[in-house]
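Structure first, commentary second.
Every read-out reported here was derived from the displayed coordinates using simple, explicitly stated rules and does not represent laboratory data. All of these numbers come straight from a predicted model, not from anything done at the bench. Note that we place each Cβ from the backbone using ideal geometry, even for glycine, and neighbour counts take in every protein chain shown.
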2 protein chains.
Amino acid sequence: MPEIPSTVTLQQVADAAGVSLATASRVLHGSGGRSPTEALRARVEDAATRLHYVSNGPAQALARSTTSIVGLIVHDIADPYFAAIAAGAMRAARAEDLMVMVASTFREPKLELDYVRRLRTQRARAILLAGSAFTTGEFLTELGEELAAYTARGGRVAAIGGHGLGVSAVEPENHEGGRAAGEHLLALGHTAIGVVAGPPQLAAVTHRLAGFREALGPLPCQVATADFTREGGRQATLALLAEHPELTAIFALNDLMALGAMAAARELGRRCPEELSIIGFDDLPTAVDANPPLTTIRLELTELGAAAMSLVLAEETQPPRSILAPATLIPRASTAPAPAPASS
Amino acid sequence: MPEIPSTVTLQQVADAAGVSLATASRVLHGSGGRSPTEALRARVEDAATRLHYVSNGPAQALARSTTSIVGLIVHDIADPYFAAIAAGAMRAARAEDLMVMVASTFREPKLELDYVRRLRTQRARAILLAGSAFTTGEFLTELGEELAAYTARGGRVAAIGGHGLGVSAVEPENHEGGRAAGEHLLALGHTAIGVVAGPPQLAAVTHRLAGFREALGPLPCQVATADFTREGGRQATLALLAEHPELTAIFALNDLMALGAMAAARELGRRCPEELSIIGFDDLPTAVDANPPLTTIRLELTELGAAAMSLVLAEETQPPRSILAPATLIPRASTAPAPAPASS
C-alpha cells in the first residue's frame, strides 16, 4: 500500500493567501461561518491552485457523511446498450458536479449485491441500477435488504427497468415495444415467426416476449433462448432455422441478438429481408449501419440514463416515483412482406 | 446533505460474534496483530453480514491513506472504442477486488484536468488516462504537474496512447497501423485517395496519418478533418467527394468515421467497394456487421484496457514502462481493386 503523506496543508494555503485558517476552510471546504468576500475567495483559490493543494477527500466525506460519487451498476459496459445509458447518466451528473463510478456485474447477480455493498461503504451519494433485474427470488430479497439499509441512511437509489425493489425507477415500455414488434410482423403478413430471446431470468426478456405474444394472439411462435449478445443471437437463429426452416420472420429481443441473427442468415444463404425478416429491440447507434439497416424498437437510451439520474437528484419525495420511457417502432430495411409460400 | 448515522458499530459485531473488538477489527479491517483462526474469521464475518455492518469507507481510507478505487478517464463512454477499453480495465480490476470509476471528458481538455484533481482528492489508488492525448502544450503542462503531484504521494498512473507525460503507457501502434492501411490501398491499385480525419490535436490522428503518408510516399492524398465520430466521418466524406469526385478510396482514421463514410457513399449513390473502397481503424465489435463488412486496422481494445491496469498494479518500478499494442490489417469486403479509370 503506497504511503500518501499530506504534502500541502490547509495552513500553508492560508499563509500563502494571507488569510486565517478559518477563512481558507470556509472557501475550500464550505464550512460554516460568514461567507467570505469575492476578493478573499479569489486569493485563497489562487493560493490553493498554485500550491497544488487538494482537500482530503476521505476526511471531507467523514465530515459531510457523503461524497460526490454516484454509483452506476450495469451488466457490461462494453454492451452499447449500457454504454449509452452510462453516457446519459454522466452528462446529467456533470451538470451537478458529480462523478459517476461505473461497475460491471458481467451479469453475475452476486456481483451486483457486492457492488451495492461497496458503494454503501464508499458512502456514495446515490446508486443507479441499470439493466434488467435478475428475477430470481433469493437474490432479489438480499439486494432489497442492502438497498433498504442504504436508503435508511440517506442514500438515494433509482433503477432502470422493473427491479421489483420498491425503488424509484425509469421503466422502458418493454411490453408495449414487444407488442409493436408483433403487430409490425403481422401487418407484413408473416405467420411463421421465431423469437431469439435472452435469458428468461431477465425482466426485459419476459416483458418484451409477453407483449409480443399478446400481439400474436392465437398464432404460435417458436422461441430459442441464448445469451443476450450478438453471438447468442447467431447461435439461437442457427438452431431455430435448422429445426424450423419454414420461418419467414424473426424477432430478436435486443439489437445485438438481431445482428447475430443477420449473421446467421448470411451464413445459411437466407436473404434478409426477401426470405427472412428480422426485427430487433433498443435501436443501438449502429443499428442503422447494419446490413440491411435494422428495423427495431427504439428506446432513447441516453435519456434513460439521464432520467434515472434526475430521479436521484430530485428533492426527496416520500413514495418511489416511476418514469415511463416510450418504445417506438423504427421501420428500416430488414423487414418486408412475407414471401409467398413455395408451391410444394 | 443527508445525514448518515452509523447504525451498526464494530463493537456490536464483536458482541454478536462473541469475540473481542480487536479480533473483529483484525478480521474486517485487516488491522495488525496475530492473524485470526479460520473459525473466528467465519464467526465475525457471519455476524457482520447478519447485522448489515459496513465498515466506514472514508475512515478506512484515511487510516490506509488510499482506497480501492481506480479512476479511468475516457473521452466518451458511449464511443465503443472507450467502452471496450473500459470493459477490459474492469475485468482486470475485478480480479484484484478493485472498483473502477469511469469519467467522461466529452473531449474537453479542461475536464480531464478537473477529473484528475478530483481523483487525487478521492485518494484513488490509480488513474488510467485512456484515449489519445490532447497535444496542446499548455494543457499538457498543467496535466503533467497534477499527475506529478499525485504520483509523488504514491498514486499510480498509466496512459493509453502517447500522452507525452512521462508516465507508463500502453502504446497502440498507430503509426504502423496507418502505414498498413496505406500499403493495403496501394496494393489494390488506388492512386486517388482521400483521408477523413479527426481533430489534429489528438495524437492518434497525427500518428495514424503520418504512418499512412509514409506508405504513400510521393503520392498525394486529400485530407478532410471533422469530429472523430460517425457524423464527422459522414460530413467529411460528403465534403471530400464533392470537391474530389475522382477519389476511389478513403481511409477513415477510426471505424466510427468509416461507418459515416459508408453512409455518405450510400447517400451519393457511390457503391462500396466497387466504386469506392473504405478502410477504417480500430476494429470495433460492429465493424464486421457493417454494410459491407468493414476492412480495418485492428487494435485489441479490451486488452489495451487490461494492459493499462496491469501497468498500475505491477510492483513499483522506477522508470515508466511502455507496452506496445499491435495494429493489424483485417481485410473484409469494403475494399477492392481500384476501378478502371473512366474513358473521357
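Placing +1 on the Cβ of every Lys and Arg and -1 on the Cβ of every Asp and Glu, with nothing else charged, gives the protein assembly as shown a dipole about its Cα centre of roughly 1500 debye. Across the options B:Ala263, B:Pro331, B:Thr105, the greatest Cα extent toward the positive end of the charge dipole of chain B (unit charges at beta carbon of Lys, Arg, Asp, Glu) belongs to B:Thr105.
Rounded to the nearest 20 debye, the dipole size of chain A about its Cα centre is 900 debye, using +1 on the Cβ of Lys and Arg and -1 on the Cβ of Asp and Glu. Dipole of the protein assembly as shown computed with +1 at Lys/Arg Cβ and -1 at Asp/Glu Cβ about the Cα centre; of A:Leu241, B:Ala187, A:Val196, farthest Cα towards the positive end is A:Val196. Assigning unit charges at the beta carbon (Lys, Arg +1; Asp, Glu -1) and nothing else, what dipole magnitude in debye, to the nearest 20, does the range A:185-344 show about its Cα centre? The calculation lands at about 300 debye. Computed 3J(HN,Hα) for the range B:280-297, one whole-Hz value per residue from the Karplus formula 6.51 cos²θ - 1.76 cosθ + 1.60 where θ = phi - 60°, is x, 7, 2, 6, 4, x, 8, 4, 6, 8, 5, 10, x, x, 7, 5, 7, 9, glycine and proline marked x. Applying Stokes-Einstein at 4 °C and 1.567 mPa s to the Kirkwood radius of the range B:71-183, computed over alpha-carbon pairs, gives a translational diffusion coefficient of 89 µm² s⁻¹. Between A:Leu219 and A:Glu231, the simple label model (points 7 Å from Cα in the Cβ direction) yields a spacing of 3.3 nm. Karplus-derived 3J(HN,Hα) values for the range A:19-28, using 6.51 cos²θ - 1.76 cosθ + 1.60 with θ = phi - 60°, are 10, 6, 4, 5, 5, 4, 5, 4, 5, 8 Hz; glycine and proline are entered as x. Highest-first packing order for the peptide set B:70-82, B:10-22 is B:70-82, B:10-22, based on the mean count of other beta carbon atoms within 10 Å. Amide H contacts of B:Val195 (H built 1.01 Å from N, in plane; Pro and chain starts excluded): B:Gln222, B:Val223, B:Ala224, B:Phe251 sit under 5 Å, all sequence-distant by 5 or more or on other chains. Calculated mean residue ellipticity, 222 nm, chain A: -14000 deg cm²/dmol, from DSSP H runs (n ≥ 4) at -39500 (n - 2.57) each, averaged per residue and rounded to 500.
In a shell of Cβ-Cβ distance under 11 Å around B:Pro245, excluding B:Pro245 itself, what net charge do Lys and Arg (+1) and Asp and Glu (-1) give? Net charge in that neighbourhood comes out at -2. Extension gain for A:Glu108 to A:Glu274 (0.36 nm times residue separation, less C-alpha to C-alpha distance): 55.8 nm. Around the amide H of B:Glu108, modelled in the peptide plane, lies no amide H under 5 Å away from a residue 5 or more places distant or on another chain. The string of couplings for the range A:147-158 from the Karplus curve (6.51, -1.76, 1.60, θ = phi - 60°) is 5, 4, 5, 5, 5, 4, 9, x, x, 10, 9, 9 Hz, one whole number per residue in order, with x for Gly and Pro.
For the peptide A:283-291, the mean number of other protein chain Cβ atoms found within 10 angstrom of a residue's Cβ is 6. Quick check: the angle from helix B:38-50's long axis to the longest principal axis of chain B, C-alpha only, nearest 10 degrees? Value to nearest ten degrees: 80.
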